[in-house]
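**Q** Provided herewith is a single structure, encoded as structure tokens, for subsequent inquiry.
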Amino acid sequence: MTTPDILKDPDSIQRVATDRSGYVPPSLPDGVVVAHSIQDVVDTVRYAAAHGLSVVTRGAGSGRGDLRGQGRVFP
């Protein structure tokens, strides 16, 4: 069983805020979940749904995304 890393400190969030396109989002997420397994993702999405939180997924960091309001990024 794994436990995802939850990044909440400003330095960690800033490091993952931009992607390879160079796009800089207008706001930063409240936190970042680094999943290590499929179950980490399932548990995180269930938690977010139960608490009314937005979820924005991220793969290789090559696309453009935008967080509006509270949300989490999955690197």
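Computed from the coordinates by the stated procedures, all read-outs in this text should not be read as laboratory data. Source: prediction; values computed, not measured.
**Q** By how many nm would the segment from A50 to V34 lengthen if fully extended, with 0.36 nm per residue of separation less the alpha-carbon distance? Don't skip to the answer; put the middle values down first.
**A** Working: separation 16, 0.36 × 16 = 5.76 nm, distance 1.92 nm.
Residue separation times 0.36 nm, minus the Cα-Cα distance, leaves 3.8 nm.
**Q** Which length gain, in nm to one decimal place, applies between T3 and V42 when the Cα-Cα distance is subtracted from 0.36 nm times their residue separation?
**A** Numbers: separation 39, 0.36 × 39 = 14.04 nm, distance 1.17 nm.
Net length gain for the segment: 12.9 nm.
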